[in-house]
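Written out below as structure tokens is the structure these notes cover.
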Amino acid sequence: MTDILTSPTFAIASTLVTYWVAQKIYARWNFPFLNPVLITILALMGLLQGLQIPYERYEAGGQYISFWLGPAVVALGVPLYEHMDTIKKQGVAISASILAGSIIGILSAAGLAGLLGASDLIMISMAPKSATTPIAMGIVEKLHGVPSLTAAIVVITGVLGAVIGPTVLRCLGVVSPTAFGLAMGAAAHGLGTARALEEGEKHGAMSGLALCVNGIMTAIFTPILLKVLLAVTHT
């Protein structure tokens, strides 16, 4: 029995079934905090803890699901191509928006951590919170932070963005699909983009664009802004 519970097949099956059930729950009640990704994460955490399954054993199967993240991101190129006219017409505004989102994302994490007295290591690890996990972890590794902490923060950021992002944007009066998508992608990366796609194809296309460009900008500006922030906190 133990061999079955710790097998890659069990990890894959439990993840897919849990997510399918979570989707049904979300479709039935359509409540923001019943987001399928959030429910799946919490349910799998409880399952692994309850059955005493080491995460390393689960990841042996989970990696086969994670593999599809790459093709999923590439697939975002289809809606981007279909909305290329909008991107060309509003290129300057879109670029400025993503740049602002990238800088604010870095400062809001590392800056706030510094104000609260966090160590340099924590500030470095939190800075790229709004970039996708592979990019964020790569940045932190180069800056000698803690990649595992970064991964956790990135996931939390994405889940929170997907759960409360649309509500916050509507309260702020954001109705433009372009603005909505850019905000979700720049703030909540992949999970935000998945949520934006629920609103419409254009929302998802702009979110995917923000996700990709924000990752590049975060890689460029994180070392620069961190250098300034760390200098300020040490004075």
**Prompt:** Being crowded, with 22+ Cβ neighbours inside 10 Å, β-branched (Val, Ile, Thr) and modelled with pLDDT of 95 or more, is that true of even one residue in segment 188-201?
**Reply:** no
**Prompt:** Which members of segment 160-173 meet the condition of being crowded, with 19+ Cβ neighbours inside 10 Å and either β-branched (Val, Ile, Thr) or more than 18 Å from LEU197 (Cβ to Cβ) (or both)?
**Reply:** VAL163
**Item:** From the options LEU191, LEU169, residue that is of a type outside the set (S, T, N, Q), farther than 21 Å from ALA75 by Cβ and assigned to a helix (DSSP H, G or I)
**Value:** LEU169
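Residue-by-condition table, conditions (1) closer than 20 Å to VAL73 by Cα; (2) among the acidic types (Asp, Glu); (3) surrounded by 24 or more Cβ atoms within 10 Å (Cβ to Cβ):
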| site | (1), (2), (3) |
| --- | --- |
| PRO128 | yes, no, yes |
| PRO134 | yes, no, no |
| LEU209 | yes, no, yes |
| ASN214 | yes, no, yes |
| MET217 | yes, no, no |
| THR233 | no, no, no |
**Asked** If the Cβ limit is 8 Å and pairs must be 6+ apart or interchain, which residue in segment 207-219 that is touching a residue at least 60 places away in the same chain (Cβ under 8 Å) pairs with which residue that is in a helix (DSSP H, G or I) and among the charged types (D, E, K, R)?
**Response** none
**Fill in**
Quick count over segment 1-38, residues being closer than 19 Å to ALA196 by Cβ and either touching a helix residue (DSSP H, G or I) at 6+ places or on another chain (Cβ under 8 Å) or in a helix (DSSP H, G or I) (or both), is 12
**Single condition ILE98 does not satisfy, out of (1) closer than 18 Å to VAL155 by Cα; (2) in contact (Cβ under 8 Å) with a residue 60 or more places away in the chain** = (1)
**Request:** Taking only segment 138-150 into account, find how many residues are closer than 17 Å to ASN214 by Cβ and surrounded by fewer than 19 Cβ atoms within 10 Å (Cβ to Cβ).
**Result:** 1
**Message:** I'm checking my understanding of the structure. Among residues of segment 48-91 that are of a type in the set (Val, Ile, Thr) and more than 18 Å from PRO177 (Cβ to Cβ), which one is nearest to the chain's Cα centre (by Cα)?
**Reply:** VAL73
**Criterion (more than 19 Å from ALA151 (Cα to Cα) and assigned by TED's automatic domain parsing to the domain that holds GLY185) met by exactly one of ALA27, ALA93, ALA110** = ALA93
**Asked** Which ones in segment 107-162 are of a type in the set (S, T, N, Q), part of a helix (DSSP H, G or I), farther than 24 Å from PHE33 by Cα and modelled with pLDDT of 90 or more?
**Response** SER125
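The values are calculated or read from the model by the stated rules, or taken from the named source; none is laboratory data. Every value quoted in this text rests on a predicted model; they were computed, and no experiment measured them. Note that we place each Cβ from the backbone using ideal geometry, even for glycine, and neighbour counts take in every protein chain shown.
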